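Beneath this line is the structure, given in C-alpha cells, with notes to follow.
A short reminder: the numbers here are calculations on the coordinates, not readings from a lab. What you see is a predicted model, and the numbers here were worked out from it, not measured in a lab. Cβ: placed from backbone, ideal geometry, glycine included. Neighbour counts: every protein chain shown.
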Amino acid sequence: MKKIALLAAVLILASGTLCAIDPRLSAMGGIGIAVRGADMQSYPNPASVFFDENRKTFSFHVDVEDTLGERPIPYIPSSAMDINFIADMLTLGIEIDCFAIPRIDNTNVNLFQEAILSFNFSAGYGAFSAGIGVTGGSVQQRLDVKMDSIWDFPVQAYLSPFDRVVNSEYIQVSAGLMAVAGNFSFGMLMSNILERTDSGTEFNFKTLFSHTGFGVYYSRSRYSSRGIMNNFIYSFGVDVDSAFTDDRTINAGAELQFRLVRDSSISARAGYRASFSDFENGTISAGIGVLIRMIEVALNADFPKDEKPRAKVLLTVLF
C-alpha cells in the first residue's frame, strides 16, 4: 500500500507541469506553452525565458488550496512555497509542495511532501528561441494522518517528520521552441522526456514525443496614458497537450486586465481544460488578481464537472 500510494503521487507530480502553480496560468485553463511576458512567475516552456521583458527578477510565491463544500476545512488541502530567480536567459527555482490524498473512509488523509529544484536555460535570435528545462525532486510521505481542524494541515505537513521512501527521487527534462510575430507567440513543448521506472528514469524515442504539445498566445500589452481604453490589456491562448497520443487535451484561457497605474492592476481570468475524447466533461477555471506594485494576491477556483470545486489563494512578491 505504501509503495502504491507513493507511486501514484510521483506519477501525478511527474506528469504535470514542471513548475509551480502560476496565479495567471492556473486560472486561464493551465495554458503556458506559448505564453510570454513581463514578471512571469513560472516558465512552462523554457524557451519563453528568452522573451522575458525583465531579465533580472526574483519572486517568492505561496499558495493554499482546498476543496469547497465537501466538509469543514481542511478536506483535501495542499500548499506550496517557491522561490524563482531569473537572470538573463536562465531561471533557477526551489519549491516545497505539500498535498493530501483522502483515504477511503474520508476521515484521514495520506500526506505527501515534495522538494523540487528546477533549472531553465534558453537562447535565441530575434523572434525565435529554444530552451531546455531540468527538474529534479524527491517525495516523502506520511500515511493515515488525522485532519480534524484547519490547523492540522500546516502542523502535520510542515512541522511533523516524514518517512523517507526508497525510489522517491526523480528527474525530468523538457525542451521547447518559441516564435513571436507581432502580438502573437507560437510554442512547442516536449515535456517529461524521460520515462520513469521503478528504479529510476530512462530515455527512449517514444517518450521524446509522447508529451509533445503546441500552443498559440495573443497579448495586447501596450500601455498608453491617453484614454481610459488604453488601460485595458487583454490576452488569450490555446494549448494542445500530448498531441500525438490518444490522451491529447486542450487548454484554453483568457485574461482581461485593467491597469490602475503603470505598476498596479486588477485582472479577471477564465479558462477551460478537457480531453479531446471527453470534451464536455472538462474543468472550468476562473480567477481574479490584484497587483499593487510588487505584490499580487489572486483568488482562483476550479470547477470540475460532477466534482466539488477547489479554491486557491495565491500570494506573490516580485523584486
Item to check | Within straight-line cross-link reach of residue 305, aspartates and glutamates at Cα separation under 14 Å, skipping those fewer than 8 residues along the same chain | outcome: 278, 280
Checklist entry - What order do you get for 125, 234 when you list them from fewest to most C-beta neighbours inside 10 Å? => result 125, 234
Item to check | residue 101-residue 179 pseudo-label distance in nm [points 7 Å out on the Cα-to-Cβ vector] | outcome: 4.1 nm
Next on the checklist: If I take every Cα pair under 8 Å that is 6 or more residues apart in segment 20-138, average their sequence separation and divide by the length, what percent do I get for the relative contact order?
Outcome noted: 21 percent
Checklist outcome for this item: Taking alpha-carbon centroids only, segment 23-55 lies from segment 139-194 a number of Å equal to 17 Å
Checklist outcome for this item: For residue 127 and residue 299, extending 7 Å from Cα along the Cα-Cβ vector and measuring point to point gives, in nm, a value of 4.1 nm
Next on the checklist: Could you sort the peptides 25-33, 285-293 by per-residue average Cβ neighbour count (10 Å cutoff), highest mean leading?
Outcome noted: 25-33, 285-293
Item to check | Label-point separation, residue 94 to residue 144 (7 Å along Cα→Cβ), nm | outcome: 3.6 nm
Checklist entry - If you stretched the chain out fully between residue 230 and residue 218, how much longer would it get, using 0.36 nm times the residue separation minus the C-alpha to C-alpha distance? => result 2.7 nm
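Tell me, 158, 272, 43 in order of fewest to most beta-carbon neighbours within 10 Å?
158, 272, 43
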Item to check | segment 73-200, relative contact order in percent, only Cα pairs under 8 angstrom and at least six apart counted | outcome: 20 percent
Checklist entry - Hey, which aspartates and glutamates would be in cross-link range of residue 146, C-alpha to C-alpha under 17 Å, not counting anything within fewer than 8 residues on its own chain? => result 66, 70, 105, 163
Checklist outcome for this item: Using the Kirkwood formula on alpha carbons, the hydrodynamic radius of segment 107-155 in angstrom works out to 14.3 Å
